[in-house]
Amino acid sequence: MKKEITCDCCGKGGVMSKRITRCFGKGDRVVVIDGIPLCVCPHCGESYFTASTLQEIERLRMHRAGLTVQGMAPVLSYV
Ligand SMILES: [Zn+2]
């Protein structure tokens, strides 16, 4: 699987993908998701999630919505 990603911002190719950990939500609905692929453009410096990544994040959040332990943010792994 080798496809070049083009930047949503400047339209150039060669966008790099790296894995990050990020918190989503607020208050007692915060979840931490580990290993999310973030696209980073070396040309304009823009960084963003792709639409499919955002969908998967949303799915993970919905899935874990009922499992939140009060006072602790659950850590999810992006697969
Ligand atoms: Zn760019």
How many residues of segment 17-49 are within 16 Å of the ligand (Cβ to nearest atom), touching a residue at least 24 places away in the same chain (Cβ under 8 Å) and in contact with a Leu (Cβ under 9 Å, 6 or more places away or on another chain)? The answer is 1
Report task. Please verify whether segment 7-28 includes one or more residues that are among the acidic types (Asp, Glu) and either assigned to a loop (DSSP other than H, G, I, E, B) or closer than 13 Å to Ser77 by Cβ (or both). Result -> yes
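Here's the yes/no breakdown for (1) loosely packed, with under 14 Cβ neighbours inside 10 Å; (2) at pLDDT 85 or above; (3) of a type in the set (Ser, Thr, Tyr); (4) over 17 Å from the mean Cα position of the chain (by Cα):
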residue: Met1; (1), (2), (3), (4): yes, no, no, yes
residue: Lys26; (1), (2), (3), (4): yes, no, no, no
residue: Leu38; (1), (2), (3), (4): no, yes, no, no
residue: Glu58; (1), (2), (3), (4): yes, yes, no, no
residue: Leu67; (1), (2), (3), (4): yes, no, no, yes
residue: Val79; (1), (2), (3), (4): yes, no, no, no
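The values are calculated or read from the model by the stated rules, or taken from the named source; none is laboratory data. Just so it is clear, the model here is predicted, and its values are computed rather than measured. Cβ atoms come from the backbone with ideal geometry, glycine included; neighbour counts cover every protein chain shown.
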